[in-house]
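Below: the structure, in structure tokens.
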Amino acid sequence: MKRPRKSALLLVLAMVPACNTRRSSEDTGIDLAGMDTSVAPGDDFNAYTNGGWIKSTPIPPDKSSYGIDAILADETRTRTRSLIQDAAKVGAPQSEDARKIGDFYASFLDEAGIESRGIAPLKPQLDSIAAIADRRTLARVLGGQLRADVDALNSTNFETGNLFGVWITQGLTDPSHSYPYLLQGGLGMPDRDYYVSPSPHMVELRKQYRAHVEAMFKLAGFTDPRGRAARVFALETAMAKVHATRVESEDVHSAVSWTRADLPSKAPGLDWPALLEAAHLSDAPAIVVWHPKAVAGLSALCAKQPLAAWKDWLAFHAVEDAAPYLPKAFVDERFNFHGKVLSGIPELRPRWQRAIDFTNAALGDAVGKMYVQRYFPAETQAKAQAMAADLVRAFAKRIDSLSWMSPETKVKAKQKLETLKIGVGYPDHWRDYSSLEIVKGEALANAQRAELFEYRSQLAKLHLPVDRGEWWMTPQTVNAVNLPLQNALNFPAAIIQPPYFDAKADAAHNYGAMGAVIGHEISHSFDDQGSQFDAEGRMANWWTKEDFEHFKAAGEALAAQFDAYRPFPDLAVNGKQTLSENIADAAGLMVAYDAYRLSLNGKPDAVKNGLTGDQRFFISFGQSWRSKVRDAELRKEIATDGHAPEQYRADTVRNLNAWYDAFSVQPSQKLSLPPDRRVHVW
Ligand SMILES: [Zn+2]
């Protein structure tokens, strides 16, 4: 849920020499030059707030999209690089964590060493796949590959190339214990749509994917690469046909709890005991199966499809996953498909940037600890905490004043709000990496050991008391997240900085940007999914029937509003798939606006740069969605992302009455909605 995992920015003015963006003299935090005031705000609010920047800023050749989050992520990566380089300096006083960070990073940068070892680091894995001679061994190998690589409710990541994805967290109806969740997996392309959709765009991608699989087999020295690619593609197509759709994946009610003994009868085909043992799940009392139909379908394929096809599929995925850590030919071939073809990116990013991202993935907390020590002052944390508390108060007021909600439901909603646990900057407890082995010169093995370490850390939760303070993002991530099962929020340090939040900036700006982010995350606790979990994070119906009907109708109206957005003539936004995020955006903006007005204590805000306070609030919101995206990437996001494209997220201002007043929006203007069609979910 939450902010997009994507890109982009604005007032990095504070950190980078200004190019085409200039901070206004009165320090409103608004990029005046990036606006296009020739467009009426009521016709196209995104173009009005961001049109100047959109016209003058190309998407860098190594990115699929660009905008406020990508610019901040670049800045954060540059900072992280200096931390890592300092830690790795000869003679620097080194902690064991710093040594591991330095060695992991250096091993990935050692291109000559990686070239000289060729595919040898992957050989043991390929050998064990080649040795599979029966279905029991197949199940063991499949189980041994499972990792904690998906997340159904927090960051909503449903993609894994392993047969299943595993997520370990509280039970849906048992918040005091952790359980393993099993999700569908196995595809090499992002979603089932890529395999089954008749659209010409997808048909072309399928052709290119087969060529890519064949090229990977060829590079890895396999015989008959074309035949193997055909078998892999046929098997993945069969998997795609049993997969749930992206919209179905959002339905918490389709999840079931099965015991280990249930699996062979409810999902026959696989040798489940062998798979669970290899996956270290033999002692899990119950397993939450998120995609029961797909898990049953995939299990059946394990029995039905030829063993040779499974072995080819395993070998291809082993090479594909390892490719970033292998010689240049593998890196380039992987980028050619996943970067160029799937996302439209012309050029591969510099190696050091990939090195930072992989180091963050492997040793995220260790890097994060250094990051916050240098870049996240206690004063900023305190101010952001105060702002979050402010937003919670405004949300409570909003609940009090809702005319449609019954007193009983209000009590429950406020209980949930009062117990919401808000994490700002970084977690209370850091992960202990002492059992993770990092060896200089072993780029691939280091990454594989780090994934296994993460999986084991997650598995350990099955035997520990539940920690509601657990974090799901590293502090150096430019994003934020709501955790429905923990009734908690994480706001990483890297998003609590300009242009989102600047303690010295205008209140209208801070509330319109960071305030709306905080409001968005709080609102997720009350969106179409979050509203199904109570104050303790238990899936429970705490609504009266009438109240829930009203809430549902508002959601349907918002879904219809987004269904009408058409970025391509043949492709519309999916209002249902993006509903949680769209509710969070609209409700979050409303509560941020309330909090902004409350902060003024009844006094009018001054006019600055010729803009009223309300205008600056909405413009800051619009600029916080500043983004440009390549067509291929945009199509991918529409198919796989729970978020609507940024331009439409900026336009959600059309649901707020205050926006009409602020810009004198006329009924004839394009974004204008009659009052009864403005969606006020909360
Ligand atoms: Zn969200």
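The values are calculated or read from the model by the stated rules, or taken from the named source; none is laboratory data. Everything quoted here is computed from the prediction, not taken from an experiment. So basically every Cβ, Gly included, is an ideal-geometry build from the backbone, and we count neighbours across all protein chains shown.
Regarding the range 574-582, can at least one residue be identified that is outside any loop (DSSP other than H, G, I, E, B), farther than 30 Å from residue 198 by Cβ and out of contact with any helix residue (DSSP H, G or I) (no Cβ under 6 Å at 6 or more places or on another chain)? Please lay out each step first, then the result.
Within the range 574-582, the first condition is being outside any loop (DSSP other than H, G, I, E, B), and the residues that meet it are 579-582.
Add one more test, that the residue is farther than 30 Å from residue 198 by Cβ, and what stays is none.
No, the range 574-582 has no match at all.
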Odd one out for residue 648, checked against (1) surrounded by fewer than 24 Cβ atoms within 10 Å (Cβ to Cβ); (2) over 29 Å from residue 399 (Cβ atoms); (3) within 16 Å of the ligand (Cβ to nearest atom):
(2)
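I'm trying to understand the selection: among the residues of the range 516-542, which are among the acidic types (Asp, Glu) and surrounded by 24 or more Cβ atoms within 10 Å (Cβ to Cβ)? Walk me through how you get there before you give the answer.
Start the filter on the range 516-542 by keeping residues that are among the acidic types (Asp, Glu), which leaves 521, 527-528, 534, 536.
Within the range 516-542, 521, 527 qualify.
Condition first: within 30 Å of residue 507 (Cβ to Cβ) and surrounded by 15 or more Cβ atoms within 10 Å (Cβ to Cβ). Can you find one or more residues in the range 79-92 that meet it? Give the derivation first.
Just the residues of the range 79-92 that are within 30 Å of residue 507 (Cβ to Cβ), to begin with: 79.
Now narrow it down to the ones that are surrounded by 15 or more Cβ atoms within 10 Å (Cβ to Cβ): 79.
Yes, the range 79-92 has at least one match.
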Any chance you could count how many residues in the range 191-239 are in contact with a Leu (Cβ under 7 Å, 6 or more places away or on another chain) and of a type in the set (Asp, Glu)?
1
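Just a yes or no: is a residue in the range 315-324 among the charged types (D, E, K, R) and either in a loop (DSSP other than H, G, I, E, B) or under 20 Å from residue 150 (Cα atoms) (or both)?
Quick first cut of the range 315-324, residues among the charged types (D, E, K, R) only: 320-321.
The next check asks that each one be either in a loop (DSSP other than H, G, I, E, B) or under 20 Å from residue 150 (Cα atoms) (or both); those that pass are 320-321.
Yes, because at least one residue in the range 315-324 is among the charged types (D, E, K, R) and either in a loop (DSSP other than H, G, I, E, B) or under 20 Å from residue 150 (Cα atoms) (or both).
Among the residues of the range 108-141, what is the count of those that are of a type in the set (Asp, Glu), surrounded by fewer than 14 Cβ atoms within 10 Å (Cβ to Cβ) and either in contact with a strand residue (DSSP E or B) (Cβ under 7 Å, 6 or more places away or on another chain) or assigned to a loop (DSSP other than H, G, I, E, B) (or both)? Lay out the reasoning, then the answer.
Of the range 108-141, the ones of a type in the set (Asp, Glu) are 110-111, 115, 127, 134.
Now drop any that are not surrounded by fewer than 14 Cβ atoms within 10 Å (Cβ to Cβ), which leaves 111, 115, 127, 134.
Subsequent filtering for residues that are either in contact with a strand residue (DSSP E or B) (Cβ under 7 Å, 6 or more places away or on another chain) or assigned to a loop (DSSP other than H, G, I, E, B) (or both) retains 134.
Residues that pass the stated criteria total 1.
Scan the range 652-682 for residues that are out of contact with any Leu (no Cβ under 6 Å at 6 or more places or on another chain) and among the charged types (D, E, K, R) and jot them down.
661, 670, 676, 677, 678
From 466, 424, 439, which residue is surrounded by fewer than 20 Cβ atoms within 10 Å (Cβ to Cβ) and over 22 Å from residue 355 (Cβ atoms)?
Result: 466 is the single residue among 466, 424, 439 that is surrounded by fewer than 20 Cβ atoms within 10 Å (Cβ to Cβ) and over 22 Å from residue 355 (Cβ atoms).
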Is it the case, given these coordinates, that residue 330 is closer than 17 Å to residue 141 by Cα and buried (at least 23 other Cβ atoms within 10 Å of the Cβ)?
no
Kindly establish whether residue 584 is within 16 Å of the ligand (Cβ to nearest atom) and of a type outside the set (D, E, K, R).
yes
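Here is a yes/no grid of residues against (1) assigned to a helix (DSSP H, G or I); (2) in contact (Cβ under 8 Å) with a residue 60 or more places away in the chain; (3) away from the ligand (no atom under 16 Å from the Cβ); (4) farther than 22 Å from residue 72 by Cα:
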| residue | (1), (2), (3), (4) |
| --- | --- |
| 593 | yes, yes, yes, yes |
| 605 | no, yes, yes, yes |
| 618 | yes, yes, yes, no |
| 637 | yes, yes, no, no |
Across the range 496-518, the tally of residues that are within 18 Å of residue 600 (Cα to Cα) and either of a type in the set (S, T, N, Q) or within 16 Å of the ligand (Cβ to nearest atom) (or both) stands at 5
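Among 206, 147, 192, which is among the basic types (Lys, Arg) and touching a residue at least 60 places away in the same chain (Cβ under 8 Å)?
Matching residue, one of 206, 147, 192: 147.
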Inspect all residues belonging to the range 557-570 and state whether any of them is within 16 Å of the ligand (Cβ to nearest atom), in contact with a Pro (Cβ under 8 Å, 6 or more places away or on another chain) and under 24 Å from residue 673 (Cβ atoms).
no
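Condition check: surrounded by 20 or more Cβ atoms within 10 Å (Cβ to Cβ), over 26 Å from the mean Cα position of the chain (by Cα) and either of a type in the set (D, E, K, R) or assigned to a loop (DSSP other than H, G, I, E, B) (or both). Does residue 283 satisfy that? Steps first, answer last, please.
Details: surrounded by 20 or more Cβ atoms within 10 Å (Cβ to Cβ): no; over 26 Å from the mean Cα position of the chain (by Cα): yes; either of a type in the set (D, E, K, R) or assigned to a loop (DSSP other than H, G, I, E, B) (or both): yes.
In short, no.
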Does residue 460 count as under 21 Å from residue 167 (Cβ atoms), away from the ligand (no atom under 16 Å from the Cβ), without any contact (Cβ under 8 Å) to a residue 60 or more places away in the chain and outside any loop (DSSP other than H, G, I, E, B)?
yes
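Considering each of 153, 172 in turn, give the residue that is outside any helix (DSSP H, G or I) and in contact with a strand residue (DSSP E or B) (Cβ under 6 Å, 6 or more places away or on another chain).
Working: 153 fails: in contact with a strand residue (DSSP E or B) (Cβ under 6 Å, 6 or more places away or on another chain).
Checking each option against the conditions leaves just 172.
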Is it true that some residue in the range 526-535 is in contact with a Pro (Cβ under 6 Å, 6 or more places away or on another chain), over 25 Å from residue 368 (Cβ atoms) and in a helix (DSSP H, G or I)?
yes
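Is it fair to say residue 589 is away from the ligand (no atom under 16 Å from the Cβ) and modelled with pLDDT of 95 or more? Reasoning before the result, please.
On the way: away from the ligand (no atom under 16 Å from the Cβ): no; modelled with pLDDT of 95 or more: yes.
No, not satisfied.
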